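Read the structure below first, then the notes.
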Amino acid sequence: KYFNCYVHHYGYVFDTEEENRKHTERNINLLKKVLEKDENDHRLKLQLAQEYTAIKEYQISIDISEECIETIKNIPVKLYDIVSYAGWHIKNIIYSEIQRENRKEAYRKAEEFLKMPWINSVTKNNITNATTRLAHEFGKYEDCIKYLDIYLETYDIIKKDEKRRIRETVSDQIDSYLDDNFFLAVLCGILAASKLNDLERKKNYIKRLSTV
């Protein structure tokens, strides 16, 4: 049974960065021990990559996620959960690159990931949210519009189909995540449409903001 509610969990609160790092390193050691028994557990590998991101070890995090994606690419039959975890690994790579101020590389990788034929709607939504915002930042206003339109298309698909939404994310907390990211992407589209003097598109994007 699906329940129309979710719980926000914001993790632990630490007094110092050192406490945070010690806690994360504890998690990393525990995850590594479990992964010794099953090195192809993509869910745990995702958690491991995210733990490294939390302590700003971005390259290690990216390497873990890229290795997982390469493994998944070679699986002949891609089940829903495998594709979903691949999608979150893709998101981890893009946002790790952004967090370490390697924004052009994040944009390049995001465009490459979009060419993968097996990514699901949630993954495409995550990628195009990033490319919309980065394209605007780089002054690529036509690309910003192009990616925002894909983003809005996938957003509508995901929001309308609850079972698909949960299946593709292996999570029931996607609603708040979608809405949190919607505003910034659409705002970039509004600004890009203004730069291109596309007043009709700008008006339509402004209308979309009222739907959330």
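The values are calculated or read from the model by the stated rules, or taken from the named source; none is laboratory data. From a predicted model like this one, the values you see are computed outputs, not experimental measurements. When we count neighbours, we look across all protein chains shown, and the Cβ atoms used for this are built from the backbone with ideal geometry, even at glycine. In case anyone asks, the SASA skips ligands and DNA or RNA and just uses the protein heavy atoms, side chains included. Shrake-Rupley method; radii C 1.70, N 1.55, O 1.52, S 1.80 Å.
Annotations
- Take 186-196, 119-129 and order them by the average number of nearby Cβ atoms within 10 Å per residue, most first; the result is 119-129, 186-196.
- Using a probe of 1.4 angstrom and keeping all protein chains present, the accessible surface of the range 37-152 works out to 46 square angstrom per residue.
- Computing FRET efficiency as 1/(1 + (r/R0)^6) for L35 and T211, where r is the C-beta to C-beta distance and R0 is 30 Å, gives about 0.10.
- Global geometry of the range 41-148, whether rounded, prolate or oblate, following the gyration tensor of its Cα atoms and the 1.5 cut on a/c: oblate
- Given K115/K140; K56/K115; K32/K56; K33/K73; K91/K203, the pairs whose alpha carbons are separated by over 23 Å: K56/K115; K33/K73; K91/K203
- Summarising the label geometry, the points placed 7 Å from Cα in the beta-carbon direction at R43 and T16 lie 3.6 nm from one another.
- Under 19 Å from K202, Cα to Cα: aspartates and glutamates that are on another chain or at least 8 residues apart: E137, E142, D143, D149, E153, D156
- Residues in the range 48-66 that a label on E105 would reach, taking backbone N under 14 Å of a point 7 Å out along Cα→Cβ: 57-66
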